[in-house]
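The structure appears right after this line, and notes come after that.
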Amino acid sequence: MHTTHQRKSTTLVHKSSSNTFFLFSNPSTLLVISMACIFFVSLVLFLSLPSATDSRNAPHAVKPNADAPPSISPAIRQACKATRFPSPCETSLTQSKQVPPNPTPLQLIQSAIWVSSQNLHTAQSMVKSILNSSSGNLNRTTAANNCLESLRNSEYRISRTTEDALPHGRIKDARIWMSASLLYQQDCWSALKYANDTQMVNSTMSFLDSLVGLTSKALSMVFSYSIFGNNIGLWAPPKTERDGFWMGGGGSGSDFRGGFPSKLKADATVCKDGSGGCYKKVQDAVNAAPDNAGERKFVIHIKEGVYKETVKIPLEKKNVVFLGDGMGKTVITGSLNVGQPGISTINTATVGVSGDGFMASGLTIQNTAGPDAHQAVAFRSDSDLSIIENCEFLGNQDTLYAHSLRQFYKSCRIQGNVDFIFGNSASVFQNCQILIHPR
């Protein structure tokens, strides 16, 4: 994040890479973001980018039979008009043989997602082969492990789309989950890019490029369905910034009342001395949370103290709540950075959350790596519908990684100096202080 800072009597203006403008008129050094400042980065940008399969068939991708190609049904031809590249869409759907006669729009979407899902499984096998052949190569091992984790997240979001969202008419959920699935596939490709030293890695990257194209087409159909419904004749590619399109504002948001729930009772407690049966480490309390516990919250009270550890909340730990004793009192601190061997940006997070429904209040999360250490994340979130209130995030470069899905931050303090709020999530920051930390 490159910010131009003028004198105290003037206004500070920042233009992000997503063409979103932030205007700060507070003359003090604390820069306050109101609800009107919505930090929104949409994965729909991916839909405007052609992939390798739009011009050629990558290795391992679905290929035509030697016989004459089957005819393309009118329904498939019409549905594929929702994508920017209809021809490869028509080919992949027709060859899948998953589209029934006289399909409904939802059946067409499900078929497109099925094609993506099958290719995702192939990608996972290819990356596992890379991992198995990378003993002794730390960079490639790290890249393969990160890639597999990303594909696991992608697979999970696809399954939620097909099993939970689409059958129950939850189209907004389907859009956000398919967007996240697309992001994770791109993350896998990006991870391998920095370890592309063998033909096996290169072939896998080519296949991942084709997978991104298939998922993008499925997402385009979901997008059209969310706008036009069953009127498939109106389906068209989504408009993006390249088309001069920008999402309209939703007002000031001054009447919004979202936030952290009150009167929460702790299920587990963390304290420095481990007395009274409490956990000495935050990670131990997280591990005690039940897996896939439905809507029930698991509240962890983290008492005042400085906890030097790296905390990970995995995908299966849902609705975990961190309840601290206040910013600056309850502190979770780490110093991982990309300058260390085998460490990538996503691995540097002091606290990294993947489980949905995460909440936190009253604590500080920091990464103490210096300004010359480059990427060093304090907090990384892939938690859908997460709520963070009265929390402080301290670092230098890449402090807050709002990676994916839907996130809400209220009355928080975020400090850094280079790209220190970034990611692909749909995030709202209400009454948050954004502080430029001197290098």
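The values are calculated or read from the model by the stated rules, or taken from the named source; none is laboratory data. Remember, predicted model here, so these are calculated numbers, not experimental data. Cβ coordinates were reconstructed from backbone atoms using ideal geometry, including for glycine residues, and neighbour counts include every protein chain displayed.
Whenever a residue of the range 278-306 is in a loop (DSSP other than H, G, I, E, B), its partners that are of a type in the set (Ser, Thr, Tyr), lying with C-beta atoms within less than 9 angstrom and at least six residues away or across chains, give the pairs Cys278/Thr269; Lys280/Tyr307; Lys281/Tyr307; Lys303/Thr269; Lys303/Thr330; Glu304/Thr330. Within the range 367-394, restricting attention to residues that are of a type in the set (S, T, N, Q) and surrounded by 22 or more Cβ atoms within 10 Å (Cβ to Cβ), the residue that is farthest from Ala174 (Cα to Cα) is Asn367. Where strands (runs of 3 or more DSSP E) fall entirely within the range 392-437, those with at least 1 residues that are free of Cβ contacts under 8 Å to residues at least 24 places away in the same chain and within 14 Å of the chain's Cα centre (by Cα) are at 400-402. Counting just the residues of the range 335-356 that are part of a loop (DSSP other than H, G, I, E, B) and hydrophobic (A, V, I, L, M, F, W, C), which one comes out farthest from Val282 (Cα to Cα)? Only one residue tops the list, namely Val338. Scanning the range 359-374 turns up no residue that is in the same structural domain as Asn287 (by TED's automatic domain parsing), under 17 Å from His403 (Cα atoms), under 17 Å from the mean Cα position of the chain (by Cα) and assigned to a loop (DSSP other than H, G, I, E, B). Does Leu183 fit the bill of being under 21 Å from Ser134 (Cα atoms) and either assigned by TED's automatic domain parsing to the domain that holds Leu131 or at pLDDT 95 or above (or both)? When the stated conditions are applied, Leu183 does not pass them. Taking the criterion of being closer than 21 Å to Gln375 by Cβ, under 28 Å from the mean Cα position of the chain (by Cα) and of a type in the set (Ser, Thr, Tyr), would at least one residue in the range 304-320 satisfy it? Yes, the conditions are met somewhere in the range 304-320.
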